[in-house]
Amino acid sequence: MQWCLVKSLTLLVVACCWSLGAHAYIVNASEYQWLEDHPKVKVAVVAERLPLEFSDPQGQAQGYAVDMLAQLASQTHLVFDYHVFSSISSAVLALQQGQVDMLSSAPRHHRLSPFVHYTQATELQTLVAYQNLNHARFSSVEQLSGQKVAVVMGSSAHEIVAKQFPNLSLQPFTRLFDAMQALAQQQVVAIVAGNDEVAAQLRAMPQWHMQQAFQFEQDLEHRFAVRDDWPMLVSLLNRGLNSLEPNFSQQSYHRWQSIVATTQPSNTVSYWWGLGLLLLFIVIGTGFLFIQQKFHRLKYKATLLREQLDYWKNHDEVTGLPNRRHMTRLIADWLDDALPMSVLMFDFPRQNEVFENFGQHLGEVTREAYAKRVQKSLRRHYPEAQLGYWYHHYFVVAIPTVNRDKEVIAIAKQIIQSCRGWLRLEQLQLLTRCHVGYSCFHPSRDAIHSDALLANAFTALNHAVKDGSSICRYHPDFSQASLVKLTLESKLRKAIANDELELFYQPQYCLLSNQVIGAEVLLRWFTDGGAISPDEFVPVAEETGLVLQLDKWVFENAMRFMARYASQLAKDFKLSVNFSAATVSLGHAEKIAISYAQQWQVNPQRICIEITESAMMEQPDEAKASIQRMRDAGFGIAIDDFGTGYSSMAYLKHLPVTLLKIDRAFVSGLEDNLSDQHIVKAMVMVARSMKFQVLIEGIETQNQANIASVMGCEQAQGFFFARPQAEVDFVQHYLPKPHVKEPLRLVGS
Ligand code: C2E
Ligand code: CA
Ligand code: CA
């Protein structure tokens, strides 16, 4: 094996030395290996950039830069595969998306620099301004100030003048031909570009009467621009350039200039013949050719425009990535070909935060930065994968031939890894995070549409976000669960609108006096198919944002209850109302409570607002401020389900809480589970030390009531005392008749 390597290396060195003569080009072992691994280098060439590069009528890449590459190929054993593009920007985009590996002749440009390495300069041109012959001559750039000046978009001329002469009113064109045509048609007063390119174009279009106005001090350098993860290619090319014959560049450059020049009438044709032919040509052909030329130009322009429109219909304008429409079609094609694959959906929530807090510009900069990171990682580890932009802060990756979990997870991990860490954007620094959901296609067992495959990946992503996990694989149960949820949500919307909900009341007791001291309002939803538990529909309402309407409805009806039975309720009777976590942390709870209490003229001192321990911990600062304002307005505040969350005692101490409700999870073990007993005792002690009252929930037996009382719980609620009941039943059982003034009934009496 080693012997083979040594042998082939020796052969290669000898071959190179032989072919180069004096300028020996010797590759080392790692370069040799690289050449073996990369049998072809894809080169982007722009179609009309005489004499640098252009495509001949057969569609072959030609020109000075191509010549130079051919020379390098013969010396370095690199094999170049040319791809022709209609403009510099489309060639740059192709490089950015990994469709090609290098540009054959590129200026240093800020849009290009982040993802390429440049070789040393391959060619130098003078930067010049050209103008129409019939216009008074401009002699300096200052005279162009405020006037329209054409440049080629993305060219180094564009970069230089935009940066150094901000007073110029630049008009960028996709191609040099268009820019010069604009000058010929006097839409601009001048054009700034490389002298040789303008001169070559003028030789092809002699009817444009233009002259050089002045030269700039700066020169234009062109280089090879190579994808930034191939530094080896840069060093091979640089070495190749250094070993070129000293006069190769000059000879080749002039050759291309003269080849372009021969397309013009030859000087050797005799004057008379020329004149005669010219007259004949003018008489017969001018009109026809003029129309034909115009027609071809128009047709060409229309094709170009259509191509551009088509391109942007299928690509995201910020990142240049294939968009939703393009990706869906691509996946559909792969499905048609029964190609095994996986589809990964990515979520970058920080992009949304940036967009909401700092506006569109920074939002787009963030999107671009994420796209670059993911693209780079994919190109390095899995070049076949196709990255696309979905919408908002979502990206999608489709990977052909990979559908095994292990491989997909490894790729997803690589992408997550590439996005981890700090992202520096203008004045902002972001710590990035991302989630991935994926779905796989196995041709032998799945029959699926591209929309469904993508939707599955999206469902998996939602699960990952909800669980806080970084990667989640799609499971059919997810769709079933989402369907159930969707149906429930739409039914609930209707139920709220049609007043199909009802409030039930569960009495709360004083354990010392055995008297009803209040009640908790509990929401009920009766449908044709039976009652649906709030444990089932409240979380759905929370997820869909419906919970705000629900909490409003409950609170208003609770106040209506208090107003309706004001004369029958004992003076110290308190009604407890639940608020969901979302309503509290978004600051809606205080507005709802204060406005409805005022509207129904209910004294806030008679209302206790129940907030779960986890809701208080969700956004502690917002929750604390909101709770304080409700307390200031006079409402009592209870921590619901106490003991099930993770609240720190230090935090609770600073909350203006009046009541602590020990969760019913501890009650079942109260009679025989020592640790539950200790926990309840400890909770009572904590509540006492903080001057909170204590209510124990879920008491189902006399024994539990007794133990809770001995442990120091003052209040209790549970099936042992009474189940939640409809308003009519509650009023009938627990409130005195309006005309009879008697105290509330005791339990068992
Ligand atoms: P929660 O606030 O802890 O309400 C107490 C739950 O315990 C009620 O269930 C009640 O029926 C049940 N319960 C009472 N005594 C006993 C007992 O002795 N044994 C057992 N096993 N259970 C008992 P419900 O009404 O199904 O409510 C469940 C949860 O739904 C509530 O828990 C609350 O988080 C939420 N919820 C109910 N009504 C509303 C409401 O109006 N608004 C909001 N935001 N959430 C509500
Ligand atoms: Ca409650
Ligand atoms: Ca509770």
If you go through Leu304, Leu289, the only one that is modelled with pLDDT under 75, in a helix (DSSP H, G or I) and not assigned by TED's automatic domain parsing to the domain that holds Thr174 is Leu304
Just wondering, is there one or more residues in the range 370-387 that are more than 26 Å from Arg227 (Cβ to Cβ) and in the same structural domain as Tyr438 (by TED's automatic domain parsing)?
no
**OP:** Could you tell me whether any residue of the range 425-435 is in the same structural domain as Asp337 (by TED's automatic domain parsing) and under 22 Å from Val116 (Cα atoms)?
**Re:** yes
Within the range 83-134, the residues that are at pLDDT 85 or above, assigned to a loop (DSSP other than H, G, I, E, B) and within 19 Å of Leu378 (Cα to Cα) are Gly98, Gln99, Val100, Asp101
Pairs returned, first residue in the range 404-415 that is at pLDDT 90 or above, second residue that is buried (at least 21 other Cβ atoms within 10 Å of the Cβ) and hydroxyl-bearing (Ser, Thr, Tyr), beta-carbon separation under 6 angstrom, 6 or more apart or interchain, are Val408/Ser342; Val408/Tyr438
Taking the range 660-689 and keeping residues in a loop (DSSP other than H, G, I, E, B), away from ligand 3 (no atom under 15 Å from the Cβ) and in contact with a helix residue (DSSP H, G or I) (Cβ under 6 Å, 6 or more places away or on another chain) leaves Gly669, Leu670, Glu671
Here the residues within the range 686-737 that are within 15 Å of ligand 1 (Cβ to nearest atom) and of a type in the set (Asp, Glu) are Glu697, Glu700, Glu727, Asp729
Filter pass, Ala179 being surrounded by 23 or more Cβ atoms within 10 Å (Cβ to Cβ) and not hydroxyl-bearing (Ser, Thr, Tyr)
yes
With criteria (1) away from ligand 1 (no atom under 16 Å from the Cβ); (2) crowded, with 22+ Cβ neighbours inside 10 Å; (3) farther than 24 Å from Asn514 by Cβ, Phe635 comes up short on (1)
**Study point:** Verdict on Phe642 being more than 18 Å from Leu511 (Cβ to Cβ) and crowded, with 18+ Cβ neighbours inside 10 Å
**Key:** no
Please verify whether the range 652-659 includes one or more residues that are in contact with an Asp or Glu (Cβ under 9 Å, 6 or more places away or on another chain) and buried (at least 20 other Cβ atoms within 10 Å of the Cβ). yes
Okay, helices (runs of 4 or more DSSP H) sitting entirely in the range 457-566 with 3 or more residues that are outside the structural domain of Ala597 (by TED's automatic domain parsing), I get 476-497
- Task: Return yes or no: is Ser580 modelled with pLDDT under 90 and either more than 21 Å from Val694 (Cβ to Cβ) or more than 16 Å from ligand 2 (Cβ to nearest atom) (or both)?
- Result: no
Here the residues within the range 500-519 that are within 15 Å of Leu735 (Cα to Cα) and not hydroxyl-bearing (Ser, Thr, Tyr) are Phe504, Gln506, Pro507, Gln508, Gln515, Val516, Ile517, Gly518, Ala519
Flagged in the range 416-437 as surrounded by 19 or more Cβ atoms within 10 Å (Cβ to Cβ), farther than 17 Å from Gly468 by Cβ and at pLDDT 75 or above, in numbering order, are Ser418
Per the list (1) crowded, with 17+ Cβ neighbours inside 10 Å; (2) away from ligand 3 (no atom under 16 Å from the Cβ), residue check on Asp572 breaks on (1)
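Is it true that some residue in the range 350-363 is buried (at least 17 other Cβ atoms within 10 Å of the Cβ) and not in a helix (DSSP H, G or I)?
no
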Quick check: anything in the range 353-371 among the aromatic types (Phe, Trp, Tyr) and under 14 Å from His393 (Cα atoms)? yes
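The values are calculated or read from the model by the stated rules, or taken from the named source; none is laboratory data. For clarity, every value in this text was computed on a predicted model and none was experimentally measured. All Cβ positions, glycine included, derive from the backbone under ideal geometry; neighbour counts span all protein chains shown.
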